[in-house]
Amino acid sequence: MAATPVKRVLMFRTFLGPTVSVSTLLLSTIAIAFGVVPAVLAQDRAYETTVPEISVRYYGETGCAHCDVFETITVPRLEGEFDVAITVESFDIFRPDARRDVADLLESLGQEYRIFPVLVIGNNAYQGNRAIEENFARELEHIVETGEFLPAHRSSGTEHDPERVASPETAAGPVETPVFRYFWAEGCPACARAAPFVDEIETRFPEIPVERYEVSGDRRNLLLYVETAAQHGIQAASVPAFFLGDRHWLGFNATIETTIRATIAETAANTRARTATTVSQPDGPLAITLPVIGRVDVDALPAFVVTAAIAFVDGFNPCSLWVLTFLIGLIVRTGSRVRTIGVGLVFLVVTAGVYGLFMLGVFTVLGRVAGLFAVRMVVALLAISMGLINAKDYFAFKRGPSLTISDRFHAPIARLGRSIFEKSGSPIAVVLVTTVFAFGIAVVELPCTAGFPVIWAQYVASIGAAGAAFATLFGLYLLVYLSIEIIVVAVAVVTMNRVAFGERRARLIKLVGGTVMIALGLAYLLFPDATHTMAGVALVFAVAAAAAAAIHLVFRRSIA
């Protein structure tokens, strides 16, 4: 065992003996020191030069638990494990200059900033805690073995860092079955409005896992929100925040709710399709081609069938048919097919425009609150009530409460119509007069025709239709609704006779419309998911049709 410098001095004095003078001892000590101290210093310098010094840049958050662990635990542990000296240059990722710096640095390495913390070492950068933990040691091992940094690899820097938010330990990322993640805070009014919607999503779409994180009282959830937002390329600036796959939404309003619902409905349908895919169905969800509409996913068929059925029954509305046949009766007296076509088309376009705006308004309102149980109950009870009133008109037409144009409007409408069309000479005047007249009539008859649009709007809002899907259903409704009146105009043009529309037919139409309203209302009330499948749709309308047929067969003689 080699002696230390102190031991060597003591041994030398013993060797000389006690009689040696102090001056001799002092000179001897100096001589030894000149030999020993340089040797010790040289030994220390040799040790120092054998320890690699490695500088890294670390972009994290001040106060972040993971970031603190990196500098206080991870770095010292790796220094001891690989016998290296690591110098960490730290930056607060939430400082604008640091954010710009790391973004530029990552860009130079062929990456985009996705998530913090970010570790830059040599030729590479790693984003996210797991990527850093798995790759930092690999970088150090390569340096110790070769004396060089790992070669640059062009990637996201997160291939070893899934960071998927299955729990507060991980961050969000794309997964095979997307998870719907909801970040909220206590005392947030928008979060309070969003909570029932999230409940609805969780109940209606069991295929999509729902995860909720309260960020005001749990720092881990807050850090998770920050990391999730960063991976989506946004700032964690507000709540509520929603994440699904690679989609994200901040805040909560009718548009966001509708968009999220539509996205989740589509995702759930795709998930079901993937789950149900077999060898006989290698191409995914089954689709069919419908006239005018085009290719339609079978999963979406219930929405098309419900829309078409409601619009068809609504198209036989006695109020609008009475007004249309009255106008046609006035104009055919002129004997001009051109005028008859002009009046009919203008009337249809104007009334459809007013009706369409009304439907959009109802949908906008219901779209904001469609997920609330109370709203569904109100719409269901409204449908049942209006259905009962319409069915009552089969037995007691216009006696008591009645959803028809009041008799007090009939005479003024008739007088105004006759005076207008008898005095209007030029085609332009006829078109203008018809436009004004049709607009006024459309507004007056809204109470009579409002039931089915409300029911349909609630249905479409509940299934989360938005964008192109909503536009398609909306267009289908208006097309089917107008088809009945288009037929009336076409018959009048061909025959130049008014299509008769008496009270007996009005009673029967009221009965059919009433039973359909009641059936839909009961379905909303008791079986809210019944109209989401073809079997449920068929059952609802079959029950309504059977009830109307049975009532008519039993009571037709009594109302003759």
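The values are calculated or read from the model by the stated rules, or taken from the named source; none is laboratory data. In this text, all values refer to a predicted model and were calculated from it rather than measured experimentally. A quick note on method: Cβ atoms are made from the backbone with ideal geometry, for glycine too, and the neighbour counts reach across all protein chains shown.
Here are the numbers for this structure:
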quantity	calculated
Residue within region 469-490 that is assigned to a helix (DSSP H, G or I), in contact with a Phe, Trp or Tyr (Cβ under 9 Å, 6 or more places away or on another chain) and modelled with pLDDT under 80 present	no
Check on Thr255, in the same structural domain as Phe205 (by TED's automatic domain parsing) and surrounded by fewer than 17 Cβ atoms within 10 Å (Cβ to Cβ)	yes
Subset of region 430-443 (residues that are closer than 18 Å to Leu321 by Cα, among the hydrophobic types (A, V, I, L, M, F, W, C) and surrounded by 16 or more Cβ atoms within 10 Å (Cβ to Cβ))	Phe437, Ala438, Ile441, Ala442
All strands (runs of 3 or more DSSP E) inside region 187-297 with 3 or more residues being out of contact with any Leu (no Cβ under 7 Å at 6 or more places or on another chain) and modelled with pLDDT under 85	287-290, 294-297
Identity of the residue in region 305-325, over 10 Å from Val480 (Cα atoms) and among the aromatic types (Phe, Trp, Tyr), that ends up modelled with the highest pLDDT	Phe316
Members of region 102-121 that are in contact (Cβ under 8 Å) with a residue 40 or more places away in the chain and either part of a loop (DSSP other than H, G, I, E, B) or surrounded by fewer than 16 Cβ atoms within 10 Å (Cβ to Cβ) (or both)	Leu109, Gly110, Gln111, Glu112, Tyr113, Arg114, Ile115, Phe116, Pro117
Check on Ala374, modelled with pLDDT of 70 or more and within 17 Å of Asp314 (Cα to Cα)	no
Complete set of residues in region 377-390 that are more than 22 Å from Phe527 (Cα to Cα) and modelled with pLDDT of 80 or more	Ile389
Selection status of Thr334, surrounded by fewer than 22 Cβ atoms within 10 Å (Cβ to Cβ) and at pLDDT below 75	yes
Test: Leu508 is among the aliphatic types (A, V, I, L, M) and modelled with pLDDT of 85 or more	no
Pair list, Cβ < 9 Å and 6+ apart or interchain, from region 517-533 residues that are charged (D, E, K, R) to residues that are at pLDDT below 75 and in a helix (DSSP H, G or I)	Asp529/Gly536
Residues that are surrounded by 14 or more Cβ atoms within 10 Å (Cβ to Cβ) and either within 24 Å of Ala262 (Cα to Cα) or among the aromatic types (Phe, Trp, Tyr) (or both), drawn from region 213-235	Tyr213, Tyr225, Thr228, Ala229, Gln231, His232
Selection within region 64-86 - of a type in the set (Asp, Glu) and at pLDDT 85 or above	Glu79, Glu81, Asp83
Region 437-496, subset within 33 Å of the chain's Cα centre (by Cα) and β-branched (Val, Ile, Thr), residue nearest to Thr263 (Cα to Cα)	Ile463
Complete set of residues in region 124-174 that are modelled with pLDDT under 85 and part of a strand (DSSP E or B)	Gln127
Criterion violated by Glu89 - all others in (1) modelled with pLDDT of 80 or more; (2) exposed (fewer than 11 other Cβ atoms within 10 Å of the Cβ); (3) farther than 26 Å from His153 by Cα satisfied	(3)
